[in-house]
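The values are calculated or read from the model by the stated rules, or taken from the named source; none is laboratory data. Model, not experiment: these values are computed from the prediction. Here Cβ is always computed from backbone atoms with ideal geometry, including for glycine, and neighbour counts include all displayed protein chains. Side chains are part of the model used for accessible areas, which takes the heavy atoms of the whole protein and leaves out ligands, DNA and RNA. Shrake-Rupley method; radii C 1.70, N 1.55, O 1.52, S 1.80 Å.
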Amino acid sequence: MQRPFCQVDVFSSEPFLGNPVAVVLDGSGLSAGQMQQTANWTNLSETTFVLPATDPGADYQVRIFTPSTELPFAGHPTLGTCHAWLESGHEPRQSGVVVQQCGAGLVRIRRGDMLGFAAPPLMRSGPVDEPLLEQVAGQLKIARTDMVAAAWADNGPGWIAVLLESAQAVLDVRPGDGDLDVGLAGPYPPGSECAFEVRAFFPAGGQSVEDPVTGSLNASLAQWLLSSGRASAPYVASQGTVLGRRGRVHIDVTGDGTIWVSGGTVIRISGEMCL
C-alpha cells in the first residue's frame with residue numbers, strides 16, 4: 001500500500017543542518033512490528049506514524065519509534081510530524097494550536113513564526129545517586145568533579161541532565177561506551193548568540209551515540225535550569241555543533257508558566273512509501 005511519506009528537518013531553517021525525522025502520514029492498519037521494522041530501515045533517530053486521534057481533545061495521534069524501540073514522547077519528531085500534518089492540508093480544531101496525542105498524553109503545539117511544543121511534565125526529577133553519577137562520568141570520560149550539577153530530567157526517554165562549567169567543556173567531551181541517556185549543557189559567555197551548548201547521548205548496541213538536536217532533552221533541561229535559577233527565559237540553545245549541524249532550540253515561558261520549545265521546520269523529502 002502506498003502511503004504519504006516525508007522527511008522533515010527540525011530545529012534549523014538552513015538546509016541539512018537540523019535533525020531529520022521520517023514521517024509516515026497514514027499509519028492506519030500497521031502493526032507495531034511493521035512500524036518498528038520501518039523505523040529500523042529509515043535508520044534515523046526517530047520515525048513517526050500518524051493515526052486518527054482516539055482522544056476527543058486531540059487533532060491526531062502519533063507513534064514514535066527509534067530504530068530499536070518505541071518512545072512515549074520525543075521533541076523533534078513532535079514538531080516534524082506537526083509540520084508534515086499541516087503541510088498535507090489538515091487544519092487543527094483550535095486556531096493557532098495543534099493538539100497531538102502520543103504515549104505521554106496530549107501535547108500542545110503552537111503555530112507562529114516557528115512551531116513550538118509545550119514541555120510535558122517530567123516523569124522523574126530530582127537528585128541522581130552518587131554511584132550513578134560516577135557511571136555517567138565514566139561514560140563521558142570526564143572527572144566527577146567536572147560536573148557543576150546534575151539531576152534527573154526525564155520526560156520519556158530517561159534523561160540524566162549534567163551541567164558543565166562552559167559550552168567549550170561540553171564541546172570537548174568525547175564519550176566512551178555506555179547504556180545511559182545523558183544530556184549535557186554548558187553556558188556560553190554573556191552576550192553570545194546562544195545561552196547554552198547542548199549535547200545528547202543515548203545507548204545503541206552498547207555504544208553511546210549522539211543525537212544531533214533533541215527537543216525532549218531541551219524541554220527537560222529548560223525545566224531544570226529555569227527552576228533552579230541557572231537560566232532565564234527566553235534563551236536559545238545550540239546543539240549539534242560537534243556533528244556539523246547548527247541546531248537552534250528556542251526556549252520561552254508564557255504568563256501561565258508554560259515552557260515552550262520551538263525551532264525551524266522544513267520538509268526536505270516528500271513522496272510515498274510502500275508499506
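Where the only charges are on Cβ atoms (+1 Lys, Arg; -1 Asp, Glu), what is the dipole of the range 48-178 about its Cα centre, to the nearest 20 debye?
Working: 9 positive and 14 negative charges, 62 e Å.
It works out to roughly 300 debye.
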Query - the chain, dipole about Cα centre (Lys/Arg Cβ +1, Asp/Glu Cβ -1), debye to the nearest 20 - result: 300 debye
Query raised in the report: Taking the simple approach of a point 7 Å from Cα along Cα-to-Cβ for both Thr258 and Thr54, what is their distance in nm?
Result: 2.5 nm
Report task. Quick one: grab the alpha carbon gyration tensor of the range 1-115, order the square roots of its eigenvalues as a ≥ b ≥ c, and give me rounded if a/c is under 1.5, else prolate or oblate depending on whether a/b is larger than b/c. Result -> oblate
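Please give the direction-averaged projected area of the C-alpha convex hull for the range 178-272, in square nanometres with one decimal.
Details: hull surface 33.9 nm².
So the mean shadow area of the Cα hull is 8.5 nm².
Pull out a ≥ b ≥ c, the square roots of the eigenvalues of the alpha-carbon gyration tensor of the range 59-189, then state rounded if a/c is under 1.5, prolate if not and a/b is larger than b/c, and oblate in the remaining case. Present the calculation step by step, with values, prior to reporting the outcome.
Numbers: a/c = 2.55, a/b = 2.10, b/c = 1.21.
Judged from the Cα gyration tensor, the range 59-189 comes out prolate (a/c at least 1.5, a/b above b/c).
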Report summary line: Counting only backbone N atoms under 11 Å from a point 7 Å out along Cα-to-Cβ of Ala233, the residues of the range 1-42 in range are none
Query raised in the report: Using a 1.4 Å probe on the protein chains only, how many percent of the accessible area of the chain belongs to carbon and sulfur?
Result: 51 percent
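I'd like to check one number: the per residue accessible area of the range 203-252, probe 1.4 Å, reported in Å² as a whole number. Don't skip to the answer; put the middle values down first.
Working: 1780 Å² over 50 residues.
It amounts to 36 Å² per residue over the range 203-252.
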